[in-house]
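Right, one structure below, let's go through it.
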Amino acid sequence: MESHPLTKVVVGIVGLGIVAVAVWFGRSGGNMPVGSPGNRLATDTPDDIIAKEVFDRPPISPEGPYPEVKLDKEKYDFSMMAVGGNGSHSFVIHNVGQAALLLKKGKTTCKCTISDLAAGEIPPGGSASIDLTWKALAVDPQFEQRAIIYTNDPDNDEFELVISGKITEVIEVNPRGAWTLNELSVNSESTVSGSIFSHILESFEIDETQLSSDSFEVSVEPMAAERLKALDAKSGYSVNVSVTPNVPIGVFREKLTFKLKTPDIDP
């Protein structure tokens with residue numbers, strides 16, 4: 001394993017009941033379609049197979065023979081991917097009709113390429129792929145991108161391709177935000193528990209822990225299978241932070257740092 005450049009987790013302990021947790025991973029800024037600055041629609045398909053307006057759809061013959069659209073699937077769920085990752089999927093479209101199938105791309109929220117076509121035409125019995133690619137730039141539990149394709153099939157003159165999934169940080173901390181510390185006592189330790197885990201990585205290592213005060217102790221152990229399943233995580237650790245009885249009375253602020261080792265992650 002190599003040290004990942006962003007694998008540092010800092011847990012700040014704020015006295016008398018609150019533990020603030022911050023994870024320094026990735027960046028936010030919204031999931032932007034690949035190659036589409038701002039909120040403009042993305043495209044890299046030749047102009048002659050892009051429908052500029054509704055009236056620019058492929059013309060449907062007033063009489064047969066007709067093409068017939070058949071798709072292997074219209075939706076693709078990639079499950080989970082990491083922030084900053086690139087995704088792609090090819091949808092296969094078949095023409096099982098008796099005439100040439102014409103395609104034009106309508107509105108799309110991701111980069112959509114109609115490939116293996118001559119001017120957006122599939123001959124009878126032929127097939128082609130429509131490739132959707134995207135980049136995830138922010139955490140999103142309901143990520144979705146769509147592309148509308150117009151055709152000259154009178155029974156299926158347009159269809160929509162959808163990719164969906166969840167965008168997550170490479171490493172997450174649970175619970176998010178503040179952890180509640182048990183009531184402090186002058187006679188016994190007080191402990192707060194949490195977890196560090198990944199939906200993406202099959203494994204990672206806690207290489208080192210650093211505490212800024214002798215009044216705290218930290219212990220970590222691999223997360224139990226039941227807990228991993230509950231979090232829908234692939235790997236993780238349970239974390240316990242104990243405050244010794246000799247901690248000074250009043251508000252205190254300390255820092256706990258975890259240095260992690262993770263496998264290289266393709267962007």
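3J(HN,Hα) along the range 140-154, derived from phi through the Karplus expression 6.51 cos²θ - 1.76 cosθ + 1.60 where θ = phi - 60°, amounts to 7, x, 9, 5, 7, 10, 9, 9, 9, 10, 9, 9, 9, 7, x Hz, with x in place of Gly and Pro. Between LEU137 and ASN31, MET32, GLY84, the built amide H atoms are under 5 Å apart, and every one of these is 5 or more places off in sequence or on another chain.
Using the structure shown, select from LYS75/LYS259; LYS107/LYS234; LYS166/LYS261; LYS73/LYS229; LYS73/LYS234; LYS166/LYS259 the pairs with a Cα to Cα distance greater than 32 angstrom. Don't skip to the answer; put the middle values down first.
Details: LYS75/LYS259 39 Å; LYS107/LYS234 36 Å; LYS166/LYS261 24 Å; LYS73/LYS229 29 Å; LYS73/LYS234 28 Å; LYS166/LYS259 26 Å.
Over 32 Å Cα-Cα: LYS75/LYS259; LYS107/LYS234.
Please compute the net charge surrounding MET223, taking Lys and Arg as +1 and Asp and Glu as -1 over other residues with Cβ under 15 Å from its Cβ.
Neighbourhood net charge equals -3.
Backbone geometry of the range 134-139 corresponds, through the Karplus equation with coefficients 6.51, -1.76 and 1.60 at θ = phi - 60°, to 3J(HN,Hα) couplings of 8, 10, 9, 10, 7, 4 Hz, x marking Gly and Pro.
Karplus-based coupling profile of the range 208-215, in residue order and whole Hz: 7, 10, 10, 10, 8, 8, 6, 7, with θ = phi - 60° in 6.51 cos²θ - 1.76 cosθ + 1.60 and x standing for Gly or Pro.
Every read-out reported here was derived from the displayed coordinates using simple, explicitly stated rules and does not represent laboratory data. Values in this document were obtained by computation on a predicted structure and should not be read as measured data. Virtual Cβ from ideal backbone geometry, glycine too; neighbours counted across all protein chains shown.
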